[in-house]
Amino acid sequence: MKTIFIVRLLLMTIFFFATIGCGNSQKTTQVKSISIDEIISVKEVQRIENFLAADNMRGRRTFSPEIDKAADFIANEFKSAGLMNWKSNKDFRQEFAMVKANEILTTAKIDDQVIDPKSILIITCQPQLALNQTSGFKKVFIKAGDNFFGAARKYIQLNDNFLVIVDKSFTNSFGNLKRLKNSMFKTNTSVVFVLADKEPSIYEIASTHEIIEQKLANVIGILPGKSKKDEYVIFSGHYDHIGVGKPVNGDSIYNGANDDAAGTTAVMMLAKYFKQLNNNERTIVFVAFTAEEVGGFGSQYFSRQMDADKVVAMFNIEMIGTDSKWGKNSAYITGYEKTDMGEILKKDLDGTAFTFYPDPYPTQNLFYRSDNATLARLGVPAHTISTSKMDNEPNYHKVTDHIETLDIENMTMIIKAIALSSKSIINGTATPTRVNIEGLR
């Protein structure tokens, strides 16, 4: 009997300590639940907006000291959130240079005839350029009936040396190409446009330019994916605005609280949320673009560094600080019909009070007017999310675009909705269809 009692006591002791061990094990493996309301809060949204849209930021004009100050702030927020740098970038900055080339002198002789300099236009970053038929420039043509400016932009963006023969049917439009010289990415290649009746056999073209170089930077942070690291989901907004202008009722600062401090704020909030959630299967790229207001140069440069085939989706966020035409808890998606991404987002929002709608302003061509456009033209399901009433937005590009005009509570709800709507794309269970780029503008 004593032996049986001892055995029972021993078994009970083993069970007791085993139970305690299991309990402790469960405690150590428990994951703290993440509350979206704690991370994406009205207080945090207000804090970031107050910084970016303050008067001392003087409208965050491209190339100004204030745009650099804004970049510092965004970089610090990304660092604080725990994001990683993108590729070889330093301090979360993707630095690049814009170049303005002021023409001093151009001379040209084609098939032994001197050509009027007005019939020559040179896109270059070289102070001195000289070429002839042995220089290795690729000879291409813009023929009568072609999309003149579309073709011209294409050759400039191909990052190669071209001699472009332009049909004389474009004589009246030829001078307008000069606007393409106002801002260019720094490059070692040149594109020479020549108005001509026929293909030249022998030519000598020379030019002298004053080159003015200006530095810019996008701000990028990444959250590497777990099982699908080479598939990218992008959240973006632009942090520049239009600066200071003529006073209107004593106010000369275009604060840009809605355009697009609101979108930039959303990107930072989403970065904090997804970092703390820390369960993304695909890599998330958070980017604040520069120079949107002067030509979308930040997003263009960024897109050139990306492999578009690896970008699964792009959420570009532009002007979400005011109520949409449908009221609160709603926003629209530009280019809704071009992919099924909008339907995926709506499905992930089932059971919430939030609704995404197709763009109600199709005649304004918004799909091609924001930072999503460059990647969309490469086939990426890249859409802009907005609430701006583009037919009646009272503070758009005005000095009255102050933080006081924003509905911060509704804006916070929109940011939360974007986070929730992206769930299946980020975890890799949904992949939007691509944009059909055949015949795309």
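The values are calculated or read from the model by the stated rules, or taken from the named source; none is laboratory data. Keep in mind that what you see is a predicted model, and the values were worked out from it rather than measured. Glycine gets a Cβ as well: all are built from the backbone with ideal geometry, and neighbour counts include every protein chain shown.
Things to note:
- For the stretch 341-360, filtered to residues that are touching a residue at least 60 places away in the same chain (Cβ under 8 Å) and part of a loop (DSSP other than H, G, I, E, B), the residue that is surrounded by the most Cβ atoms within 10 Å (Cβ to Cβ) is Phe354.
- Set side by side, the residues Lys226, Lys198, Lys246 differ, and just one is surrounded by fewer than 22 Cβ atoms within 10 Å (Cβ to Cβ) and closer than 27 Å to Trp86 by Cα, which is Lys226.
- Gly145 vs. criteria in contact with a Lys or Arg (Cβ under 9 Å, 6 or more places away or on another chain), surrounded by fewer than 12 Cβ atoms within 10 Å (Cβ to Cβ) and not aromatic (Phe, Trp, Tyr): no
- Screening Glu103 with (1) over 30 Å from Lys215 (Cα atoms); (2) in contact (Cβ under 8 Å) with a residue 60 or more places away in the chain gives one miss only, at (1).
- Per-region count, the stretch 84-133, residues over 23 Å from Phe193 (Cα atoms) and touching a helix residue (DSSP H, G or I) at 6+ places or on another chain (Cβ under 6 Å): 3
- Selection count, the stretch 379-405, where residues are within 17 Å of Trp326 (Cα to Cα) and assigned to a loop (DSSP other than H, G, I, E, B): 8
- Tabulated pairs, the stretch 412-441, first at pLDDT below 95, second exposed (fewer than 14 other Cβ atoms within 10 Å of the Cβ) and assigned to a helix (DSSP H, G or I), C-beta under 8 angstrom, 6+ apart or interchain: Arg441/Gly150
- If only residues of the stretch 312-323 that are surrounded by fewer than 24 Cβ atoms within 10 Å (Cβ to Cβ) and within 22 Å of the chain's Cα centre (by Cα) are counted, the one that is farthest from Arg282 (Cα to Cα) is Thr322.
- Test: Thr290 is surrounded by fewer than 23 Cβ atoms within 10 Å (Cβ to Cβ) and β-branched (Val, Ile, Thr): no
- The listed residues are Phe274, Phe235, and the only one of them that is crowded, with 24+ Cβ neighbours inside 10 Å and aromatic (Phe, Trp, Tyr) turns out to be Phe235.
- Given (1) in a strand (DSSP E or B); (2) within 23 Å of Phe286 (Cβ to Cβ), number of the condition Ser88 does not satisfy: (1)
- Residues located in the stretch 155-199, provided they are within 23 Å of the chain's Cα centre (by Cα), modelled with pLDDT of 85 or more and part of a helix (DSSP H, G or I): Tyr155, Ile156
- Condition met for Asn395 (crowded, with 17+ Cβ neighbours inside 10 Å, closer than 18 Å to Met268 by Cα and in the same structural domain as Ile253 (by TED's automatic domain parsing)): no
- Filter pass, Asp407 being buried (at least 24 other Cβ atoms within 10 Å of the Cβ), modelled with pLDDT of 95 or more, more than 27 Å from Thr283 (Cβ to Cβ) and of a type outside the set (Lys, Arg): no
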